[in-house]
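Student: For reference, the structure I am asking about is given below.
Each reported figure results from applying straightforward, stated rules to the coordinates on display, with no laboratory input. Treat the numbers as computed from the prediction; the structure is a model and nothing was measured. In this analysis, Cβ positions are derived from the backbone assuming ideal geometry, glycine residues included, and neighbour counts consider all displayed protein chains.
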Amino acid sequence: MNQNSFMPPTPLSRRQFLRGVSFTAAAMAFPSLASATIKKRHPAKHLAFENLHTGEQLSVTYFENGHYVNGALKEMNNLLRDHRSGDVFAMDPSLFDLLHELQQNLGVRRPIQVISGYRSPATNARLQKQTSGVATKSLHMLGKAIDIRMDRVDSKIIQEAAIAMQRGGVGYYPESDFVHVDTGRVRHW
């Protein structure tokens, strides 16, 4: 076939055309119907946090109508800041999705207790000197990791549920009673 050949688009069937026209007309006549369709496909997502170091609490709907809510993301980033330095960092929204799904899977509605969210490189280096188990290239420094507990839920149960999700890294720290989850490669320790 030569370059200058023109292939006309495949025509729509009468049924496809009418379905498209009907949906467009319904969406224009009943915007709430179109909105309900979006909400059904992309339900709102809500998270609540309690930062155990600062005492701050937050409860927000961070995803609705098929989009992340910028104001809610900023509020969560602030709550998950490095409590040692005060540095705020844009956390990975897929980490929030992971936490939301984890809570759904566990049937938990209580706030997530935050041990550590974002960690500045300086804080990470200081922690490496003080304790074992702090990674040199920690995903906390990229806003892709969080250490958590959930009130009245055994950390071992949280760990098992997170591993079953196969959505990233999962670390279990029974002596400190917390679970690390991240959006890195799938692994566990």
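Student: Under a 5 Å amide H to amide H cut-off, with H placed in plane at 1.01 Å, what residues pair with HIS188 once short-range neighbours are removed?
Tutor: Placed amide hydrogens put VAL170 under 5 Å from HIS188.
Student: A follow-up question, please. Using packing as a proxy for protection, rank 82-95, 129-142, 112-125 so that the peptide with the highest average count of other Cβ atoms within 10 Å comes first.
Tutor: Ranked by mean Cβ neighbours within 10 Å, highest first: 112-125, 82-95, 129-142.
Student: Rounded if a/c is under 1.5, else prolate if a/b is larger than b/c, else oblate: which is the range 56-189, with a ≥ b ≥ c the root eigenvalues of its Cα gyration tensor?
Tutor: It is oblate, given that a/c is not under 1.5 and a/b is not larger than b/c.
Student: Cross-link candidates for LYS45: which lysines have Cα within less than 18 Å, leaving aside residues fewer than 8 places away along the same chain?
Tutor: Filter leaves LYS74.
Student: With a ≥ b ≥ c the root eigenvalues of the C-alpha gyration tensor of the range 123-189, is it rounded (a/c under 1.5), prolate (a/b larger than b/c) or oblate?
Tutor: Oblate is the answer for the range 123-189, as a/c is 1.5 or above yet b/c matches or exceeds a/b.
Student: Now a separate question. I want to check the label-to-label distance for TYR173 and ARG84. Put each point 7 Å from Cα in the C-beta direction and report it in nm to one decimal.
Tutor: Modelled inter-label distance: 1.1 nm.
Student: Something else now. Just to check I understand the Karplus step: with θ = phi - 60° and J = 6.51 cos²θ - 1.76 cosθ + 1.60, what whole-Hz values come out for the range 145-158, glycine and proline as x?
Tutor: Couplings: 9, 8, 9, 9, 9, 9, 3, 6, 10, 4, 4, 5, 5, 4 Hz.
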